[in-house]
Amino acid sequence: MIHLDSIALPGLELLVNVSLKTLCLAWVVWTAVSLCRVRDATVLSRLNLCLLIGMMLMPILVIASPRIALPWISVNSVVADSQPHPTQNLHDFNNANPAAVKDTPMDFQSHPVASNITDNAYSKQAMEPSGIPTVDDDRVSGLEMVPTDNQTLVPTSQIQPIESSDRSTRTTSTSTITWVALVVLGTYFVGALAMLARTTIGCLRCTGIASRARRVTALLPSNSLHTDLLPTDDPALSVWQSDEISVPVTVGFWSPKILLPTDWPQWEHELVQIAIAHEREHQRRGDTLTMLLSSFNLAIYWFHPIAWTLQRRLAELAEHVCDDSVILTTGHRHTYAKHLIWMAQRATDLQRQPLLVGMARGPMIEQRIERIIDFSRPLSQRLSKSVASFVALVVIALSVMIAGVTARAQQRENPDSDPSTTSPADDVKPSLSGRVIGPDQKPVAGATVYLRTRQANATRSEPQETTTDNIGRFVFKELPDGEHQLVAAASGMSSRVKRYQGEKVSPDENEIELQLSASPTLQVEVYSKKDQSTVRDAIVRLNWSDIKRDHAVDERGTATIDGLTAEEWSVEVRAPGYAEQNHTVRLPTGGYTTIKSYLDPGASLAGRVVDDAGTPIGDLGLSVFPGDMSGGQIEYVKTQPDGTYRFDCLPMGGLRLSSNSPDHSNQDWQVSLTAKPGETQTLDLTVPRRPDGGSIKGTVVDKDGHPIANASISNHGRSSNLIRETGSDEQGRFHLQNLYSPDELVVQANGYAPVQMSIAGKVTEPPSEIKIVLQPGHSIAGKVVDERGKSIPDVFIVSNGRTGGGLRISRTTKSDVDGRFNFNSLPKGATLDFRKSGFTALGDRELPLDRDDEVVITMPDQGMLRGRAIDESTGKPIPSFNVRITFSPDRKPGEPSGGLTGNRVHEGEAFSSVTGRFELLDLIQGMPLQVTVSAEGYQPAVLRRVVAQRDSEAAADVYRLKPIDPSQHFTLSGKVVDEDGNGIAGLEMRLIACSEQRGDSRAEFPFNWEMVLNGQVAQSAEVTQFLKTISKPDGSFTFANVQPAVDMEIAYWGDGAVRSRMQGIEKLKPDARETLVIRASRGGEVTGKIDIDSFHGISQIQLSGSDGTLPAILSPDKSSYVIKNVPPGTHRLIVYGPPIRADELNGFFRMDVVKRVPCEIEQGQTLQIDLAAVTPPSQDD
């Protein structure tokens, strides 16, 4: 019969024993880490993972480990002293007679008996409660006796019985202890089951999300922005997409998957690269399995603070290591930090559950941002197998040793004391106090002190602040829970030299001393760009800061921000009625740096999106871009469930709105934002549903006819996010439904060369059956080294190949710690790209395939540019300036070339240096560039050709900026009217000023219409000013702060006017500059019907003339077209067929001309040209 005593007390003893030894193990490991000053996140992650495993194994180790006896007071001895248990005297009697000890209570106070209190007491030494008539002989004789120093073994004959009158009292006490132990154990098991249920539910949710995800094919259309990021030879590294997540995550425990939200194709290229690199590192490390183990550990030790702390540390270290891996791969610290904050804002509670491992774990974002932008911190590196094995061996050995430690009974000095008595906790919240002193050690009155608390439940916390009194003292009362840092700031001084490296303090710490030293001060002056007036209600925000983020401008429109550090700061300026303006500035070690922010008028755009049946569309991605597509995406939103959307703080004028959805047709809208500043313009949108594209079935086999399982079969639409994909089963069979394109299928499998095949005419209902044969893939193994022959780890390597159908196949991998890499599924003729921050990128390298030996690739050091900006008139350095680069127009044949990031080309990089010096890194060595240095109050200085050199060879070029005389500025304003004198609203207008006379041919490159429309003409060396505006409802327009130039013209276009130019602006007299009247010509119109049955598909229609081309607007069913605002003259109507991927265009789409129609258009004429039969183009076209 099983008695409660035999379960409750030993069970409680085991629970307490394991808990204490787990605490001891964690203390030893973490103390050793602190004493050895281990800072590398990879090492810390490995140590904590081994600690987790040791913690989970501790119950087994306690039972099975060999005993190491130490003098201590165990649970049993405490219970024995406080409540004498009648059967505990059965411990350790070598020659005891079972008959003599039956039902005989022992008096431990009058007869100290040696007792061997071991960790397996719950099994061999579990005692029967009083009232049990017999004791098992084996149970007694098998006990081990370990006497303490002051104890002797007492034979049974010397043990005196206790009077029977005491028995009932002791039996009642024993029963009470038993029931207390049962309650404690019951509570433990209820909590453990609840936590286990929580973990199980989390596993089921994760499994469901993974199973419902759709695989993003490794083969993207060649014109995809992200084609170099997703491909891989390893199916385990495939990327999937899910509409149940809003941020990238890794899910799955044995074969983890990378999941992206459905709107990822609309993200910037760098964001997709960063997201996939981050999640691939989680996948490589097996962090999902680690989080699963930590969740089970939490179910076992739900009551133990070590278990909660360990789970949090493992999650933080996993993100730390992955962040460092991304930085090593991309080198984009600030870009990564910006994207991480955006991801954290998108993250939902679903993504914050422990079993979903993602890049946007909200509670840790702020701490991660600190690390990412801390250039002084060494990045963590991958561990070698030998080091990782050594760490694991040490922790496991330590776990076994601690588990085997056994307590020996030891007399208590005060047996009558009650160990359970404790003093009540103080409910008063802790506080902090201290003082601020200056460089001269004197107290600083009026200094601002910021208390920044990092809390587990906040992604970004605004610091508390207070001001020092007249003797420099400060106090913070009622501190919240979390980790605390203090930063003091005063005029031109700060208490720390690096952002996020304030004084770490503990609650109730007093007499803290913060010493100030010189630091930079940033002044932001906010003006209206329209009339140069100050903006008094603006807010200046520090995007990443450990002090107060938002700073209001004063009545002079100036925000003064102290307490900054000598590094790069990102500033955002917002004000009601204006478009948001962003600045990036690198501050010097001290002094004042001034930014003048000129805000354009801004407004909001809002509306509702419905499908062609009038049903609201929720979760539809909408992106807004500049109308001329200069720069990148302004903002991205998703529609609400009722189909509504809203964009705020948009610039006035032309915008382009784009929709993206896998189930609806992608649409573009040209929008003219003409609402009054600060108001909202309404625009409702209709997005038709995409019709079902049919399906196809088939089998994938190798050259010998054997089925190929897990092959990827994909069908691609005309944009990178339009992909239908499925996989083959064990018999090689597949079924692909709702195709985007009825023309082609792409098939790939690990170890085989990819295939692109035509399925024209085979997409039927019921679906046709096809057979696909894959040939063995080509392979390459190599090693990447630097110019000194040293291996380069974590090089991002992209293979580019062709399927034979024009599609460009891209696969990616990374070099390992020894610089090695390999591919085994390449098509014939594949080339490789190599990229890593700090080195010159290598592109389209043709390397030998299918060789037995390694190919060695040498990556040259990075190229860089050095320069110095000076005032042309005084020769003094200019402290604040901006540097933009673009491709040199004077490039020589054979010189290297490569891509440039959009921010360097369009926005440029801001510098603040008292010497006027700057450096641009991560360029291609030997690549010629055009460099433009601009500064407020100066005309830009341009060098048309500067070659990027390695560090040892890069000399500093001098950029001499000519001061601008503000008195020479003027305003250019007027009105655009039609032939009847009525104003034309919404016209796009550009003022182009040049330093050289352009001559009569105004449309030659780079001043042709294409360059003007997309804004790239502003990058030309001879362009000194490029201003934008839009005509108001009455047709009026204004260009403010116009600088005199040798050649000036106004280009304009839009609905209601033929695009044209007004030249000779530089010749206008001052009194005529503000009364301009531009008489726009009324254009003609070409329209017609399309006999779609006579074409095999139409991609677009254009009207070509002497002054460029005009695109046609096609109806949704492509049965008609219209071209507006056509200038009079001779033109040709050109019809293009469907896009065809072409090998000669590196896999990009080629659109062949299928029809040309010459036409003559008079002013204001509407000409109808119906398109029917296909006529081959002439040979001379």
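The values are calculated or read from the model by the stated rules, or taken from the named source; none is laboratory data. Model, not experiment: these values are computed from the prediction. In this analysis, Cβ positions are derived from the backbone assuming ideal geometry, glycine residues included, and neighbour counts consider all displayed protein chains.
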Review point. Restricting to segment 756-772, what's the tally of residues that are closer than 16 Å to His706 by Cβ and either hydrophobic (A, V, I, L, M, F, W, C) or at pLDDT below 90 (or both)?
Key: 1
Check your understanding: If the Cβ limit is 9 Å and pairs must be 6+ apart or interchain, which residue in segment 693-711 that is within 30 Å of Ser665 (Cβ to Cβ) and without any contact (Cβ under 8 Å) to a residue 12 or more places away in the chain pairs with which residue that is of a type in the set (A, V, I, L, M) and part of a strand (DSSP E or B)?
Key -> none
Point to revise | Exclusive hit being surrounded by 17 or more Cβ atoms within 10 Å (Cβ to Cβ) and at pLDDT below 80, set Gly717, Gly782 | key: Gly717
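Please tell me if Gly761 is among the small types (Gly, Ala, Ser) and assigned to a strand (DSSP E or B).
Details: among the small types (Gly, Ala, Ser): yes; assigned to a strand (DSSP E or B): no.
No: the conditions fail for Gly761.
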Study note, to complete from the structure: The residue that is nearest to Lys962 (Cα to Cα), considering only those in segment 994-1004 that are of a type outside the set (D, E, K, R) and at pLDDT 85 or above, is Ser995
**Study point:** All positions within segment 980-1009 that are touching a Lys or Arg at 6+ places or on another chain (Cβ under 8 Å), within 21 Å of Pro1044 (Cα to Cα) and in a loop (DSSP other than H, G, I, E, B)
**Key:** Arg1002, Phe1007
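Can you name every one of the strands (runs of 3 or more DSSP E) wholly within segment 1058-1144 that holds 2 or more residues which are touching a strand residue (DSSP E or B) at 6+ places or on another chain (Cβ under 7 Å), β-branched (Val, Ile, Thr) and over 24 Å from Gln1168 (Cα atoms)? Explain how you work it out, then say what you get.
Details: elements: 1076-1079, 1084-1089, 1100-1105, 1108-1111, 1120-1126, 1129-1136.
In segment 1058-1144, 1076-1079 are the strands (runs of 3 or more DSSP E) which contain 2 or more residues that are touching a strand residue (DSSP E or B) at 6+ places or on another chain (Cβ under 7 Å), β-branched (Val, Ile, Thr) and over 24 Å from Gln1168 (Cα atoms).
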Point to revise | Matching residues in segment 945-959 - criterion: being outside any loop (DSSP other than H, G, I, E, B) and more than 17 Å from Arg884 (Cα to Cα) | key: Gln949
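Condition first: polar (S, T, N, Q) and in a loop (DSSP other than H, G, I, E, B). Now tell me which residues in segment 607-664 satisfy that.
Of the residues in segment 607-664, the ones polar (S, T, N, Q) are 615, 623, 630, 633, 639-640, 644, 658-661.
The answer is Thr615, Ser630, Gln633, Thr639, Gln640, Ser661.
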Check your understanding: Counting only residues that are part of a loop (DSSP other than H, G, I, E, B), more than 23 Å from Thr840 (Cβ to Cβ) and more than 35 Å from the chain's Cα centre (by Cα), how many does segment 871-927 have?
Key -> 7
Point to revise | Asp852 being among the charged types (D, E, K, R), over 30 Å from the mean Cα position of the chain (by Cα) and under 23 Å from Ile780 (Cβ atoms) | key: yes
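Find the strands (runs of 3 or more DSSP E) located wholly in segment 388-486 whose residues include 1 or more that are at pLDDT below 75 and of a type in the set (Ser, Thr, Tyr), and list them.
Numbers: elements: 405-408, 432-437, 448-454, 464-467, 473-476.
In segment 388-486, 405-408 are the strands (runs of 3 or more DSSP E) which contain 1 or more residues that are at pLDDT below 75 and of a type in the set (Ser, Thr, Tyr).
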Practice item. Kindly establish whether Gly705 is at pLDDT below 90, more than 27 Å from the chain's Cα centre (by Cα), surrounded by fewer than 19 Cβ atoms within 10 Å (Cβ to Cβ) and within 30 Å of Gln775 (Cβ to Cβ). Key: no
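Within segment 583-604, how many residues turn out to be farther than 21 Å from Val671 by Cβ and either at pLDDT 80 or above or not in a strand (DSSP E or B) (or both)? Can you show your working first?
Step one: of segment 583-604, the residues farther than 21 Å from Val671 by Cβ are 583-598.
When the remaining residues are screened for being either at pLDDT 80 or above or not in a strand (DSSP E or B) (or both), the result is 583, 587-598.
Qualifying residue count for the region: 13.
Please work out if Ile1169 is at pLDDT below 90 and β-branched (Val, Ile, Thr).
no
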Exercise for review: For segment 531-540, state whether one or more residues are assigned to a strand (DSSP E or B) and more than 23 Å from Thr1038 (Cα to Cα).
Suggested key: yes
